[in-house]
1. Please determine whether any residue of the range B:163-175 is touching a residue at least 60 places away in the same chain (Cβ under 8 Å), within 14 Å of another protein chain (Cβ to nearest Cβ) and within 30 Å of B:R567 (Cβ to Cβ).
2. Does at least one position in the range A:268-288 carry a residue that is acidic (D, E) and surrounded by fewer than 19 Cβ atoms within 10 Å (Cβ to Cβ)?
3. Can you run down the residue pairs with Cβ atoms below 9 Å, 6 or more apart or on separate chains, where the first is in the range B:295-322 and within 14 Å of chain A (Cβ to nearest Cβ) and the partner is of a type in the set (V, I, T) and outside any helix (DSSP H, G or I)?
4. Being open to solvent by less than 20 Å² (accessible area, probe 1.4 Å), in contact with a strand residue (DSSP E or B) (Cβ under 6 Å, 6 or more places away or on another chain) and not in a helix (DSSP H, G or I) is the filter here; which residues of the range B:99-142 pass it?
5. Residue by residue through the range B:346-358, note down the ones that are crowded, with 16+ Cβ neighbours inside 10 Å and in contact with a Lys or Arg (Cβ under 9 Å, 6 or more places away or on another chain).
6. Which of the residues that make up the range B:179-193 are open to solvent by less than 10 Å² (accessible area, probe 1.4 Å) and either more than 14 Å from chain A (Cβ to nearest Cβ) or charged (D, E, K, R) (or both)?
7. Which condition number in (1) away from chain A (no Cβ under 14 Å); (2) out of contact with any Lys or Arg (no Cβ under 9 Å at 6 or more places or on another chain); (3) basic (K, R) is the one that B:R196 fails?
8. When B:E446 is evaluated against the numbered criteria (1) within 14 Å of chain A (Cβ to nearest Cβ); (2) touching a Phe, Trp or Tyr at 6+ places or on another chain (Cβ under 9 Å), which criterion, by number, is the only one it fails?
There are 2 protein chains.
Amino acid sequence: MWLLNKLPRKLLKETYGFAASSEWVEHIQKSAVRISSGGSGSLVSAKGLVMTNHHVGSDMLDKLSTAEHNYLEHGFFARTLAEEIACPDIEMDILWSIEDVSARVNGAASAAKSSAEANDARRREMTKIEQEAGERTGLKCEMVTLYQGGAYHLYGYKRYTDVRLVMAPEKGIAFFGGDPDNFEFPRYDLDMCFFRIYADGKPLAAEHHLDWSADGTKANELVFVAGHPGRTERLFTVAHLEFLRDVVYPLSLRGLWRREVQLHTFSGRSEENRRIAENDLFGYQNSRKARTGIYQGLQDQRLMDGKRAAEKKLRDAVAANPEWQKQWGDAWQKIEAAEQAYATFYTRYASPGVGRVGLGTLFGVARNLVRCAEEKPKESSARLREYGDSRLPSLELGLFSPAPVHTALEIDSMASALQLLGELLGGNDPSVVKALDGLPPRLRAEQLVLGTKLADVAERRRLYEGGKAAVDACKDPLLALARLFDAENRALRKRYEDQVEAVEREAYAKIAAAQFAVLGDEIYPDATFTLRLAFGTVKGYSENGEAVAPYTDFAGLYAKSAERKNREPWELPERWVEKKAALALDTEYDFVSDCDIIGGNSGSPVVNAKGELVGLIFDGNIQSLVLDIAYEGEQARAVSVDSRAIVESLRKVYDMPGLADEITGKTGS
Amino acid sequence: MWLLNKLPRKLLKETYGFAASSEWVEHIQKSAVRISSGGSGSLVSAKGLVMTNHHVGSDMLDKLSTAEHNYLEHGFFARTLAEEIACPDIEMDILWSIEDVSARVNGAASAAKSSAEANDARRREMTKIEQEAGERTGLKCEMVTLYQGGAYHLYGYKRYTDVRLVMAPEKGIAFFGGDPDNFEFPRYDLDMCFFRIYADGKPLAAEHHLDWSADGTKANELVFVAGHPGRTERLFTVAHLEFLRDVVYPLSLRGLWRREVQLHTFSGRSEENRRIAENDLFGYQNSRKARTGIYQGLQDQRLMDGKRAAEKKLRDAVAANPEWQKQWGDAWQKIEAAEQAYATFYTRYASPGVGRVGLGTLFGVARNLVRCAEEKPKESSARLREYGDSRLPSLELGLFSPAPVHTALEIDSMASALQLLGELLGGNDPSVVKALDGLPPRLRAEQLVLGTKLADVAERRRLYEGGKAAVDACKDPLLALARLFDAENRALRKRYEDQVEAVEREAYAKIAAAQFAVLGDEIYPDATFTLRLAFGTVKGYSENGEAVAPYTDFAGLYAKSAERKNREPWELPERWVEKKAALALDTEYDFVSDCDIIGGNSGSPVVNAKGELVGLIFDGNIQSLVLDIAYEGEQARAVSVDSRAIVESLRKVYDMPGLADEITGKTGS
């Protein structure tokens, strides 16, 4: 997960004999795409075509679907530009510039009298830097906090919001094997999806895009993954990991289990419920499986002992140098104390409404409207970070999204959240009593969702543009609920920022400095949903003493479906049954490599040493989940769709030669 | 939920014009059957035939099934006595005698110096009473604590363990609509199952059994339900209900959600996993749905306000009488204090192993072996209650059960429990560290389950019969785990008994006395999984302003299946598709009545005023779930299979005229 401006050139050279030229790096960087729904992608043609995963595009597929046209289930196929359809609220960003501004950020805090004050000063400075750079460059500028506070970089993106859907296969093949096979290998998924970026109403004339490899990969071949890993906790101290294990994860898993069961129940009630809840359900199942894997790592004494030993070694090295000890020696205890402080209000801060968790889509709209009314009159750097001027375009994209809000699902989400509030804080808690207003959660949710006008985008716009006067005058019940939570929510957030975040930032900055001093400079920071480069080789592994081959093929797909009696989620879409004879069944389908990836990398391009596209990351195996907290190369594998399977299916199953020609740059058959 | 020795004769007479003769009551009582797997049933022929629900019999169906013969899925049909198959570990009890022994139980505690001491004395006395009565009568004698401590009755049962399976329909029709339709109405389930009790190797010549009604019921007809409601909390104080709401239910629901998701995951892995986990999964889903309904009641301020008002009225009446106030006035505060004390260790006591929750089947065996070795040398009344002499036959039935133990499921259960232990107590807790022994939960579970010999019944018998010497000498890893938890588990239990149970018993005895004094004698105690009589009428209800008719019919079954595209769980078994033409489609299928039932009543007979069988309870509607904490007659309904549908399906679908003739006492077609 290396920074593109800090690649381990020595390691690459020594281990793989590969020298990354600046041109090679720039080409990869500017071909990579960050997708606002939480995934990665890449430009794969000069006409703005973007390839990503079906499960990254599924949010749009869901929003574009209706009871009549279920694109998520049945797929979508535009064979001409005119057939491509506009997405309601997606943002695609291409990283254009990186600048280290650590000195300026930390300098702004030099006169601060406390950690909390310093944290405040840094936050304001970061908003200023983003704003100035944005005005200067015209790019979307975002500060990135690296090494949990060890460095601050400014990333400038080209930002695109006119994005259209080009092609998605049926969910039955994209997510073949469903939840049971998720994070497993061997796999047989065509987890792909194509969008097109438009600029000024025309397909983007992309400066960079990845060429398609003619031959794919071979076993043991060096490959690279350029994507946006979302979050890791590898550099966390042991005390911080124990806090994750004993406080954060038990609550997080509980929330995932409960909502998964509730959405199952909701989906069972009717075919339409099933449709509108499908994407949410997948999201919860996916997170549940990922977090279960990480939690198993946290509960593994062997792994934690390894962490303890490494930490002791670093602390001993620091302690052995009086100057180091004076500068950095207190960092670990500070973090331990911060987590202890956090534990005293963690549950409250994790509660819906009262804390940082929402109560569904419409409540999110309400909270944003109430906050915008309050924040926008302030000077940009004095606002809550997410309402700074440079962030408003993204916020508005969501706020005014024409995506449908499904009343039944919205009621279910809100009832669930209100119930959870009571579960976490107890029925006599004043905030719970106020929020429920004398009713049980479901009836209260019905009252709120059926009573609000915020499903109407015009009403949202009226309130947003009307500012504080319009919002204060509005009697909408969801605005009232957002107002009811506002003061406590801000206070909890401030408490978190002052007592936890501020201390962590300073302490981790010290630990990063200690690491650089003791271990050298070639250390990558934890993932931050920003562009990173990973590398490794195409490589099988061994499980329970048996060898797992690196590639699957189409023949395996048909065999697996038969083995599971063609039962959902192993049921093959009709097209795949009909076109079986036309397919080259020995086509490489999915493959694994030991590239270091994590959630957020979904949709990342896999490229070869020439920078050509050879695969599409879509998953990790079950052994890879622990990568969140520690790297492991023995069994952990990244799972990709093979570029050859993509072309074969476009030509033989989907009858889309135009799209196949566009990505391969060749007319084929 | 009236006691059979304390029926509200006045209410019955005045409301329904019905006079219950002693003969009528005795006949109903001795035709009712309590089933050890947690349900009710009734004798329906003079040859020991017992009718209950499919979902009550499913535990046996599961244990009798193999990968080749899946009786749970495909049904079981014995057309001769010789084809009936013996159940491994079921117990059927028929209530034969009831005696009020409150004076003796409380008398034993009269010299006690503290609540804890009194509780201890009562417990010992109860064991003595059971033992003496058992020796005197030859019945299985059990003490029943009523009104949470307001009265103590001794119940004597005829106990049968030679029970054979006679008939079960396919799960697809017994549980048509599956989890989504569970607790819903209109319903279309044939949730029935037939067993036969044998005595001395021959079908039991039953002294009493229910005659089959020739005509079933009509709307508004008076009906009775004789069954074993499991547990209610209607007489709980407000403080006690708040403790349920804020402490007990959040943890209980969390456990249900988590295990449901885990079992779903487990089931997805293979067809065989699906089979072996099916019954467990149903159990979790069923509890989850029931508890969700109860919790919604607890979170309903309107319901809680009603409870508060009723409690205030009672307390005011007590306070107005100085003698009453002196005797009973402190009861409510005592309970509040007891729950506050309980809250401080509730989570720990609810943890697997450390607390009262187990870690799967084999751990249960291990714990029993370790405990028996310790307890059996003691005098019976000095043992932990469940190891008293009169309880040992039931314990041995389970301990030496030949039912299969599925290794894969056992590992999954234990891994889940070990993980939960860490979730609840934190990874650094000494008991957690010892239990995991350096491994993550799944690997530790594999080590334990693959390492133990306790799946072998002969080994269990050797250890049980070898007593303390054999158990102490045995190095089995599961015995070691049970030993590891033993001391803390006993200490927690003692703490619960002394600080919570003892106080509750005394305080609720006072509240019961106050209720009798203020409100009169016609109050039934909360449910205790003992025989109760409920009554009401066959009656539809209104939901969201629409009328719900009291009966469904077979035509509705076929319509519903078509509406849900014949998709699981609305898929019809083949037989039902084939035999459609032969069926009278207007046969009454399922019906609702406003009888007061709760979990444990499943399988109860519904009888008419003549004492004839007209239906088979199998569920309540969603509005009935709140009955756990408060009775509500407007919408809450009990759901039954109509006796006419049972006969029609036996004759027309299952080709079992012999069984139909046996229950109806008529040769039919």
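1. Step one: list which residues in the range B:163-175 are touching a residue at least 60 places away in the same chain (Cβ under 8 Å), which gives B:163-175.
Okay, now just the ones that are also within 14 Å of another protein chain (Cβ to nearest Cβ), so B:175.
This time we only want the ones that are within 30 Å of B:R567 (Cβ to Cβ), so: B:175.
Within the range B:163-175, one or more residues are touching a residue at least 60 places away in the same chain (Cβ under 8 Å), within 14 Å of another protein chain (Cβ to nearest Cβ) and within 30 Å of B:R567 (Cβ to Cβ).
2. Let us first name the residues in the range A:268-288 that are acidic (D, E), namely A:271-272, A:278, A:280.
Among the residues that remain, those that are also surrounded by fewer than 19 Cβ atoms within 10 Å (Cβ to Cβ) are: A:271-272.
Yes: one or more hits.
3. Pairs that qualify, where the first residue is within 14 Å of chain A (Cβ to nearest Cβ) and the partner is of a type in the set (V, I, T) and outside any helix (DSSP H, G or I), are B:G297/B:I629; B:L298/B:I629; B:L303/B:I629; B:K307/B:T237; B:K307/B:I629.
4. The answer is B:V101, B:C141.
5. B:Y349, B:A350, B:G353, B:V354, B:G355, B:G358
6. So in the range B:179-193, the residues open to solvent by less than 10 Å² (accessible area, probe 1.4 Å) come out as B:182, B:187, B:189-193.
Scanning the range B:179-193 gives B:R187, B:D189, B:L190, B:D191, B:M192, B:C193.
7. All conditions are met except number (2).
8. Going through the list (1) within 14 Å of chain A (Cβ to nearest Cβ); (2) touching a Phe, Trp or Tyr at 6+ places or on another chain (Cβ under 9 Å), B:E446 breaks only (2).
The values are calculated or read from the model by the stated rules, or taken from the named source; none is laboratory data. Nothing here was measured: the structure is a model prediction, and the numbers come from that model. Positions of Cβ are backbone-derived with ideal geometry, glycine not excepted, and every protein chain shown enters the neighbour counts. Heads up: the accessible areas ignore ligands, DNA and RNA and are worked out on the full protein's heavy atoms, side chains in. Shrake-Rupley method; radii C 1.70, N 1.55, O 1.52, S 1.80 Å.
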